[in-house]
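The values are calculated or read from the model by the stated rules, or taken from the named source; none is laboratory data. Keep in mind the model is a prediction, meaning the values are calculated, not measured. Here Cβ is always computed from backbone atoms with ideal geometry, including for glycine, and neighbour counts include all displayed protein chains.
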Amino acid sequence: MVTHHMPQTDWIWKDGEWIRWQDATVHVLVHSLQFGSSLFEGIRCYDTPEGPAIFRLDAHLRRLRDSAKIYRIDIAARIPALAEACGEVVARNGLRECYVRPMVVRGYGAAGLSPVGSTLDLYIACWPWGTYLGEGALENGVDVKVSSWQRQEPNTFPSGAKAAGNYLNSQLGRLEALEDGYADAVALGPGGLVSEGTGQNVFLVRDGVLITPALDGTNLNGITRDSILRLAADLGIPTREQAVAREWLYTADELFFTGTASEVTPIRSVDRIPVGEGRMGPVTRALQQRYLDIARGRAPDTHDWLTRVPEMAAATV
Ligand SMILES: Cc1ncc(COP(=O)(O)O)c(C=O)c1O
C-alpha cells in the first residue's frame, strides 16, 4: 500500500525550539508558498541492533547547505545544530525508523520575488514512512513508463538544488504515471537521453556492468546513487556514469531506482516491455542487500555512513 496520508508525530524542531506538530503552521503568503523557494532534504533513519541510526546524515546536510547556497542563503554556521537536531527529532518523537525532513523556508515578509524582508526559518520534521513505491516493491519490482514530461534544461532550474519548485516537474511525471497505471516514471532530459525518476535516480545493468546517467545538470546528485556506486566498487562490479539512451531501458538485463525514499527498487517493466526476466536480477539483489544490511546495522559500517540517534526518552509534554 502506498501511503497517501501523512502520519502525524508529536514534535517538530524549529530554529532550536520544539513545537507541536499541529503548531508548525505558516501564513498563506510566505515566500516559499508563493514562489516554491523552500529547500529541503529527505533522510532515512533505520532501526539497527545498536538503536536507531540516521543514514548518511552528513551528506544530506551538505546537499542542503549547497541547495541553500545556490539560492544565496548561507546556512553553513547552522549545520552542526541541524545535525544534532536531526537525531533529537527522531528520539523526541520516540521513533526507531522514520523519514526525516529538514526544510529551509523563506517565510513571511517579502511581497514580491526578491526574498529580502522575508524571514528564514529552519524546520525538521519526521514521520514513519514505509516502502515508498508500495508494499512488496523492493522484492517484486515496479512497472514504470517513460514520462511525457521531460526534465528541465541545465541553467534553468538548477537540478543540483533540492528546491521545492523543482518538484513541479516531478509531480507532473508522477501524476501522469499513476493516472496511467504505473508505479512511477523515468524522465528524459532535454536532449532526449535518460535523466532520472520523479524522486529517484536510475541504474541499469548490461553484461555485468552497472551504468547510470552521468550528472549532467538535469538530475539530482542522489546520495543513494553515490552509495550504490561505492558499494558496487566494494563488490567488484564495474560501473560507468555516462549518457543513457531511452532504448537502453528496454534492452537492459536489469534496471532499478535508487533514492532515500525508494531505497533500491527493481524496475520490472518500462512502457509494458519486460526488463530482463521481468523480476529482480542478481546484481540488483546484491546491491539492495548490501545497502539495506549497512543501513540496518547488519553489516559493518565500513564507509562511516551511520549516525546514532541519541538515547533520550520520548517527550510527552
Ligand atoms: C528528483 C530526485 N532525484 C533523485 C533522488 C534521489 O536522491 P537521494 O538518493 O539523495 O534520496 C531524489 C530524492 O531525493 C529526487 O527527489
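Tell me yes or no: at least one residue of segment 238-261 is in contact (Cβ under 8 Å) with a residue 40 or more places away in the chain, farther than 16 Å from A187 by Cβ and within 12 Å of the ligand (Cβ to nearest atom). Checking segment 238-261: at least one residue is in contact (Cβ under 8 Å) with a residue 40 or more places away in the chain, farther than 16 Å from A187 by Cβ and within 12 Å of the ligand (Cβ to nearest atom).
Could you pull out the residue among A77, A111 that is more than 20 Å from D10 (Cα to Cα) and either assigned to a strand (DSSP E or B) or at pLDDT 95 or above (or both)? Steps first, answer last, please.
On the way: A111 fails: either assigned to a strand (DSSP E or B) or at pLDDT 95 or above (or both).
Of the residues listed, the single one that is more than 20 Å from D10 (Cα to Cα) and either assigned to a strand (DSSP E or B) or at pLDDT 95 or above (or both) is A77.
Taking only segment 205-215 into account, find how many residues are surrounded by fewer than 22 Cβ atoms within 10 Å (Cβ to Cβ) and within 13 Å of the ligand (Cβ to nearest atom). Matching residues across segment 205-215 total 1. The combined condition, being within 16 Å of the ligand (Cβ to nearest atom), farther than 20 Å from Q150 by Cα and crowded, with 23+ Cβ neighbours inside 10 Å, is fulfilled by V264. Please pick out the residue among Y71, Y46 that is among the hydroxyl-bearing types (S, T, Y), over 28 Å from E263 (Cβ atoms) and in contact (Cβ under 8 Å) with a residue 40 or more places away in the chain. Going through Y71, Y46 in turn, the sole match is Y71. Selection of segment 1-32 for residues being of a type in the set (A, V, I, L, M, F, W, C), closer than 16 Å to R101 by Cα and in contact (Cβ under 8 Å) with a residue 40 or more places away in the chain yields M6, W11, I12, W13, W18, W21, A24. Counting only residues that are aliphatic (A, V, I, L, M) and over 16 Å from L133 (Cβ atoms), which one in segment 144-162 is farthest from the chain's Cα centre (by Cα)? Checking each candidate, the answer is V146.
Just to be sure before I move on: is Y132 surrounded by fewer than 19 Cβ atoms within 10 Å (Cβ to Cβ) and assigned to a loop (DSSP other than H, G, I, E, B) in the structure I sent?
Numbers: surrounded by fewer than 19 Cβ atoms within 10 Å (Cβ to Cβ): no; assigned to a loop (DSSP other than H, G, I, E, B): yes.
Against the criterion (surrounded by fewer than 19 Cβ atoms within 10 Å (Cβ to Cβ) and assigned to a loop (DSSP other than H, G, I, E, B)), Y132 does not qualify.
Given the structure, is L235 away from the ligand (no atom under 14 Å from the Cβ) and at pLDDT 95 or above? Against the criterion (away from the ligand (no atom under 14 Å from the Cβ) and at pLDDT 95 or above), L235 qualifies. Within segment 176-204, the residues that satisfy the criterion of being more than 13 Å from the ligand (Cβ to nearest atom) and over 12 Å from K145 (Cα atoms) are P190, G191, G192, L193, L204. Just checking, does segment 163-172 include any residue being at pLDDT 95 or above, of a type in the set (G, A, S) and either more than 16 Å from the chain's Cα centre (by Cα) or away from the ligand (no atom under 14 Å from the Cβ) (or both)? No, because not a single residue in segment 163-172 is at pLDDT 95 or above, of a type in the set (G, A, S) and either more than 16 Å from the chain's Cα centre (by Cα) or away from the ligand (no atom under 14 Å from the Cβ) (or both).
Can you spot a residue in segment 200-223 that is assigned by TED's automatic domain parsing to the domain that holds F256 and free of Cβ contacts under 8 Å to residues at least 12 places away in the same chain? Let's see the steps before the verdict.
Residues of segment 200-223 that are assigned by TED's automatic domain parsing to the domain that holds F256, as a first pass: 200-223.
Filter once more, keeping what is free of Cβ contacts under 8 Å to residues at least 12 places away in the same chain: none.
No; the residues of segment 200-223 include none that is assigned by TED's automatic domain parsing to the domain that holds F256 and free of Cβ contacts under 8 Å to residues at least 12 places away in the same chain.
V116 meets each of the listed conditions (1) out of contact with any strand residue (DSSP E or B) (no Cβ under 8 Å at 6 or more places or on another chain); (2) assigned to a helix (DSSP H, G or I); (3) more than 16 Å from A163 (Cα to Cα) apart from (2). Filtered by the rule that a residue be away from the ligand (no atom under 12 Å from the Cβ) and either in a strand (DSSP E or B) or more than 21 Å from V244 (Cα to Cα) (or both), segment 146-162 gives V146, T156.
Filter segment 45-56 down to the residues that are surrounded by 22 or more Cβ atoms within 10 Å (Cβ to Cβ) and out of contact with any Gly (no Cβ under 7 Å at 6 or more places or on another chain), then identify the one that is nearest to F157 (Cα to Cα). The qualifying residue nearest to F157 (Cα to Cα) is R56. Taking (1) touching a residue at least 60 places away in the same chain (Cβ under 8 Å); (2) in contact with a strand residue (DSSP E or B) (Cβ under 8 Å, 6 or more places away or on another chain); (3) surrounded by 19 or more Cβ atoms within 10 Å (Cβ to Cβ) in turn, W127 satisfies each apart from (3).
Within segment 286-307, the residues that satisfy the criterion of being under 20 Å from the mean Cα position of the chain (by Cα) and charged (D, E, K, R) are R290, D293, R296, D304. Kindly indicate whether any position in segment 217-232 is more than 16 Å from the ligand (Cβ to nearest atom) and among the charged types (D, E, K, R). For segment 217-232, residues more than 16 Å from the ligand (Cβ to nearest atom) and among the charged types (D, E, K, R): absent.
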